[in-house]
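Take a look at the structure below.
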Amino acid sequence: MSGRRSLKRQGRSGRRIALSLLLLGALLTALVFFLSRAHLFPFPPAEKVILGELKRGESLSASLQSQGLSPALITSIIQTLHPLFDFQRSQPEDRYRLVLDGRGEIRGFTYQVGLLDSYEIRRVEGRLQAQRRTASLEGRRVLVEGTVEASLFEALEDLGEQASLVMDFARIFLWDIDFNTDLRGGDRFRMVVEKFYLGDQFVKYGRILIAQYENQGRIFIGIHFKDSKGNEGYFTPEGRSVKKALLRSPLEFNRISSRFTRSRLHPILGGYRPHLAVDYSAPRGAPVWAVADGSVASCGWSRGNGNCIILRHRMGLSTYYNHLSRFAKRIHKGARVKQRQVIAYVGSTGMSTGPHLDYRIKKDGRFINPLQKLTLPGIPVAKADQPRFLQARGELVGLLHKAPSPKPDSEQMGSGLEKLSNG
């Protein structure tokens with residue numbers, strides 16, 4: 001009985017072995033068959049990705065050539081993108097990414113210009129097509145505030161802000177504050193400014209929506225407002241334009257080297273003489289602008305004053321600009337000029353010991369101190385626009401006096417502040 005069971009087990013085991021050998025043989029046969037015909041079923045060749053960045057003085061063609069690309073391929077890329085981008089405008093650090101398929105043909109190409117703009121090539125139904133893409137920015141309304149110790153430049157720089165914001169802020173108060181002479185340690189400033197970001201990276205400033213400067217006990221506020229006719233500017237809380245009849249200074253951020261006085265030791269002629277001007281020490285070639293709308297009464301050489309411009313304004317005012325290096329284009333006797341129009345450039349012509357601007361104001365035939373306050377109230381918001389102005393004023397003043405702004409480090413810049421729509 002036990003012998004019969006043993007024979008049955010041996011029979012079953014033999015059949016299993018035979019079946020296994022049969023399956024193995026079938027698999028080997030299939031493998032040989034597949035390998036003998038592998039050329040009929042090729043695997044897709046691997047892609048090749050080429051990354052590059054333009055060096056100073058290098059063209060895209062030269063950069064692609066250094067990567068080993070053929071002239072035909074380079075020509076194809078440049079000709080496809082040429083209707084959208086002029087490669088003569090390429091800059092160092094422009095980046096590109098090229099994807100080639102296994103046959104060496106272009107599958108995709110991206111040319112990145114700065115942070116925002118890119119130009120792309122894609123193969124669609126066998127043809128190369130180009131398009132431009134512009135990254136979408138996120139806008140935020142950010143509160144910036146601080147205290148002046150030495151200068152407004154340094155105060156905002158310490159907060160991590162850029163020089164362009166300093167200039168935009170100062171221009172709002174040009175008619176009330178001379179940032180060359182009026183600043184004092186302890187002055188305070190606040191503003192709500194639009195900032196635009198790409199992800200967490202700051203890209204650019206937008207408009208300053210409201211600004212405030214506290215100077216020697218005086219508080220100046222400028223509120224941005226756009227009227228129903230599309231005109232925009234800055235206004236006081238009472239609704240008057242911050243633009244007055246006369247700017248406080250004909251230059252941007254320069255040092256006063258000599259003040260208005262009835263008796264000064266002359267640096268060249270010697271002896272004490274009246275100096276009925278304010279001297280602004282400034283680099284040769286620095287732009288000089290008209291402090292008010294007016295006309296050119298005189299433009300040319302004036303003995304010891306060197307190259308000189310005299311502007312005639314309303315209210316019996318004339319302004320003098322002396323020791324200029326040269327005059328701006330289209331400035332001649334009889335020409336009309338607008339406030340803050342560049343009329344000339346700082347020099348050291350005539351009786352001068354170095355580059356500076358000798359600036360004078362004459363009122364009703366008599367020279368007066370240019371540093372004294374001489375302004376007229378600005379034009380008010382039109383009556384029809386006053387309800388909208390009051391609404392905008394309430395919103396922006398509320399933003400200006402909200403909780404203190406975050407510290408200017410990379411993690412906190414702009415956090416917790418109101419977001420804007422993209423624009």
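If we scan the stretch 184-194, do we find a residue that is closer than 16 Å to Leu396 by Cα and of a type in the set (Asp, Glu)?
yes
Kindly evaluate Gly350 against the criterion of being among the small types (Gly, Ala, Ser) and either surrounded by 14 or more Cβ atoms within 10 Å (Cβ to Cβ) or farther than 30 Å from Gly378 by Cα (or both).
Yes: the conditions hold for Gly350.
So which residues in the stretch 346-404 are touching a helix residue (DSSP H, G or I) at 6+ places or on another chain (Cβ under 9 Å) and outside any loop (DSSP other than H, G, I, E, B), if there are any at all?
Across the stretch 346-404, the qualifying residues are Asp358, Pro380.
From the list Ala286, Ala245, Ala297, Ala292, pick out the single residue that is among the hydrophobic types (A, V, I, L, M, F, W, C), surrounded by fewer than 18 Cβ atoms within 10 Å (Cβ to Cβ) and out of contact with any Asp or Glu (no Cβ under 6 Å at 6 or more places or on another chain). Lay out the reasoning, then the answer.
Working: Ala286 fails: surrounded by fewer than 18 Cβ atoms within 10 Å (Cβ to Cβ); Ala245 fails: surrounded by fewer than 18 Cβ atoms within 10 Å (Cβ to Cβ); Ala292 fails: surrounded by fewer than 18 Cβ atoms within 10 Å (Cβ to Cβ).
Exactly one of Ala286, Ala245, Ala297, Ala292 is among the hydrophobic types (A, V, I, L, M, F, W, C), surrounded by fewer than 18 Cβ atoms within 10 Å (Cβ to Cβ) and out of contact with any Asp or Glu (no Cβ under 6 Å at 6 or more places or on another chain), namely Ala297.
Against the definition (at negative phi and not assigned by TED's automatic domain parsing to the domain that holds Phe189), how does Leu100 come out, yes or no?
In short, yes.
Which pairs do you get when a residue that is surrounded by fewer than 17 Cβ atoms within 10 Å (Cβ to Cβ), found in the stretch 173-185, comes within reach of a residue that is part of a loop (DSSP other than H, G, I, E, B) and basic (Lys, Arg), reach meaning Cβ atoms under 8 angstrom, with the pair 6+ apart or on two chains?
Hits for this filter: zero, empty list.
Which of the residues belonging to the stretch 105-130 are touching a residue at least 24 places away in the same chain (Cβ under 8 Å) and over 16 Å from Ile78 (Cβ atoms)?
Selection gives Arg107, Leu115, Leu116.
Check Ser164, Ser136 and return the single one that is assigned to a loop (DSSP other than H, G, I, E, B) and either modelled with pLDDT of 95 or more or of a type in the set (Gly, Ala, Ser) (or both).
Sole residue among the options that is assigned to a loop (DSSP other than H, G, I, E, B) and either modelled with pLDDT of 95 or more or of a type in the set (Gly, Ala, Ser) (or both): Ser136.
For the stretch 64-93, give me each residue that is more than 17 Å from Gly108 (Cβ to Cβ), touching a strand residue (DSSP E or B) at 6+ places or on another chain (Cβ under 9 Å), polar (S, T, N, Q) and surrounded by 11 or more Cβ atoms within 10 Å (Cβ to Cβ).
Initial filter on the stretch 64-93 (more than 17 Å from Gly108 (Cβ to Cβ)): 65-66, 68, 70-72, 75, 82-83, 86-93.
Next, only the ones that are touching a strand residue (DSSP E or B) at 6+ places or on another chain (Cβ under 9 Å) stay: 66, 68, 82-83, 87, 89-93.
Remaining after also requiring polar (S, T, N, Q): 66, 90-91.
Hits for the stretch 64-93 are Ser66, Ser90.
Working only within the stretch 278-304, note down all residues that are small (Gly, Ala, Ser) and touching a Pro at 6+ places or on another chain (Cβ under 7 Å).
Ala282
Collect the residues in the stretch 314-345 that are free of Cβ contacts under 8 Å to residues at least 60 places away in the same chain, surrounded by 18 or more Cβ atoms within 10 Å (Cβ to Cβ) and in a strand (DSSP E or B), keeping them in residue-number order.
Ser318, Tyr320, Asn322, His323, Leu324, Phe327, Val337, Ile343, Ala344
Go through the stretch 301-315 and count every residue that is over 37 Å from the mean Cα position of the chain (by Cα) and either closer than 13 Å to Arg326 by Cα or of a type outside the set (D, E, K, R) (or both). Reasoning before the result, please.
Pass one, the stretch 301-315, residues over 37 Å from the mean Cα position of the chain (by Cα): 301-306, 315.
Pick out the ones that are also either closer than 13 Å to Arg326 by Cα or of a type outside the set (D, E, K, R) (or both) and you get 301-302, 304-306, 315.
Count: 6.
Would you check which residues across the stretch 78-115 are outside any helix (DSSP H, G or I) and aliphatic (A, V, I, L, M) and list them?
Leu84, Leu98, Val99, Leu100, Ile106, Val113, Leu115
Here are Ala282, Ala297: which of them is at pLDDT below 95 and among the hydrophobic types (A, V, I, L, M, F, W, C)?
The conditions single out Ala282.
Among (1) in a helix (DSSP H, G or I); (2) at pLDDT 85 or above, where does Phe34 come up short?
Status for Phe34: all satisfied but (2).
Glu145 passes all but one of (1) in contact with an Asp or Glu (Cβ under 9 Å, 6 or more places away or on another chain); (2) under 30 Å from Thr181 (Cα atoms); which number fails?
Glu145 satisfies all of (1) in contact with an Asp or Glu (Cβ under 9 Å, 6 or more places away or on another chain); (2) under 30 Å from Thr181 (Cα atoms) except (1).
The values are calculated or read from the model by the stated rules, or taken from the named source; none is laboratory data. Quick caveat: nothing in here was measured; it's all calculated off a predicted structure. We place every Cβ from the backbone using ideal geometry, glycine too, and count neighbours over all the protein chains shown.
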